Amino acid sequence: MKAAGGEGALASARVRERMVARLRAAGIRDARVLDAMAVVPRHAFVDSALASRAYEDSALPIGCGQTISQPYVVARAIELALAGRTDAKNMKVLEVGTGCGYAAAVMAQVFGTVYSIERLRALHERARSNLRALRLSNLHLVHGDGSEGLPAQAPFDAIVAAAAAADVPPAWLDQLAAGGCVVAPIGDHAQRLLAVRRDGSGRVRRSDAGQVFFVPLRSGVQ
Ligand code: SAH
């Protein structure tokens, strides 16, 4: 990623270091995730009026009724996708729900190749402009309905969803490589962050990483 210079950049790097210390204290252990969270400028993904709150551990509005995910949840979802993997730079990952592009930028620091799909054109375009200065050549943005995954680019080593479905869409499981994992908020009202792993023989195992609050997964594009 291109390094930004100047005093402002230094100050924001310090605030991010504090955010990373809080993530560590909250139980995020994977250095690959913490290092990525330390470099991606979250303030560049929110409206300038909210920039001073960008490193709080909260979701913030990004327009179109959607929100940028909480840093802890972004970190935890990526950590789950990485569990037991030493080959992050060879992993191909799909994010469903680009939003403003923040989590996609963090994932592009961690994984070899990242596709991120967004159903709302206005947000897809906003993410593209937010991400331009970061020059992440391994990150590919797609405008489309991610509830069907992204068959043209499958299989994926992980599919990470930023919008909640009532249950894991079968298309996501179908598009997982052996040893791959879906990390997604699942449930209508009380959502749980689930990691659904597919082993070499095609068996599927679910684990529950606790309660989360996400916007709903919707079908169709706009
Ligand atoms: N990853 C974002 C969070 C975005 S919020 C971040 O870093 O902050 C979730 C996003 O999922 C919203 O922008 C919403 O429009 C999008 N979304 C909901 N249903 C979708 C679908 N079926 N396909 C693609 N995107 C979807």
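Among Y55, Y72, which is more than 9 Å from the ligand (Cβ to nearest atom), within 16 Å of A163 (Cα to Cα) and among the aromatic types (F, W, Y)?
After ruling out the rest, the residue left standing is Y72.
Could you list all residues from the range 180-196 that are free of Cβ contacts under 8 Å to residues at least 40 places away in the same chain, of a type outside the set (S, T, N, Q) and either away from the ligand (no atom under 16 Å from the Cβ) or touching a Pro at 6+ places or on another chain (Cβ under 6 Å) (or both)?
G180, H189, A190, R192, L194, V196
Filter the range 21-78 for residues that are among the β-branched types (V, I, T) and in contact with a strand residue (DSSP E or B) (Cβ under 8 Å, 6 or more places away or on another chain); which is surrounded by the most Cβ atoms within 10 Å (Cβ to Cβ)?
I78
Could you list all residues from the range 83-123 that are hydroxyl-bearing (S, T, Y), under 15 Å from S137 (Cβ atoms) and under 11 Å from the mean Cα position of the chain (by Cα)?
Y115, S116
If S147 passes every condition in (1) open to solvent by less than 10 Å² (accessible area, probe 1.4 Å); (2) within 10 Å of the ligand (Cβ to nearest atom) but one, which one does it miss?
All conditions are met except number (1).
Can you report the number of residues in the range 99-115 which are farther than 17 Å from G180 by Cβ and either within 11 Å of the ligand (Cβ to nearest atom) or surrounded by 24 or more Cβ atoms within 10 Å (Cβ to Cβ) (or both)?
9
Six or more apart or on different chains, Cβ under 6 Å: which pairs go from a residue in the range 155-170 that's in contact (Cβ under 8 Å) with a residue 60 or more places away in the chain to one that's open to solvent by less than 10 Å² (accessible area, probe 1.4 Å) and within 9 Å of the ligand (Cβ to nearest atom)? Could you list them?
V160/E95; A161/V96
Given the condition more than 16 Å from A81 (Cβ to Cβ), out of contact with any His (no Cβ under 9 Å at 6 or more places or on another chain), without any contact (Cβ under 8 Å) to a residue 12 or more places away in the chain and surrounded by fewer than 16 Cβ atoms within 10 Å (Cβ to Cβ), answer yes or no: does some residue in the range 130-144 qualify?
Looking for residues that are more than 16 Å from A81 (Cβ to Cβ), out of contact with any His (no Cβ under 9 Å at 6 or more places or on another chain), without any contact (Cβ under 8 Å) to a residue 12 or more places away in the chain and surrounded by fewer than 16 Cβ atoms within 10 Å (Cβ to Cβ), one finds at least one in the range 130-144, hence yes.
With the condition kept exactly as written, say whether any residue in the range 16-30 is of a type outside the set (F, W, Y), within 28 Å of E125 (Cβ to Cβ) and not in a helix (DSSP H, G or I).
So far as the range 16-30 goes, no, none of its residues is of a type outside the set (F, W, Y), within 28 Å of E125 (Cβ to Cβ) and not in a helix (DSSP H, G or I).
Any idea which residue in the range 163-192 is least open to solvent (accessible area, probe 1.4 Å), counting only those that are at pLDDT below 95 and part of a loop (DSSP other than H, G, I, E, B)?
A190
Taking V93 as meeting all but one of (1) within 23 Å of R218 (Cα to Cα); (2) within 12 Å of the ligand (Cβ to nearest atom), write down the number of the exception.
Failing condition for V93: (2).
Does any residue of the range 31-50 turn out to be of a type in the set (G, A, S) and touching a Cys at 6+ places or on another chain (Cβ under 7 Å)?
No: the range 31-50 contains no residue that is of a type in the set (G, A, S) and touching a Cys at 6+ places or on another chain (Cβ under 7 Å).
The values are calculated or read from the model by the stated rules, or taken from the named source; none is laboratory data. Source: prediction; values computed, not measured. Positions of Cβ are generated from backbone atoms using ideal geometry, with glycine treated the same way; all protein chains shown enter the neighbour counts. Remember, those area values only see protein heavy atoms, side chains included, never the ligands or the DNA or RNA. Shrake-Rupley method; radii C 1.70, N 1.55, O 1.52, S 1.80 Å.
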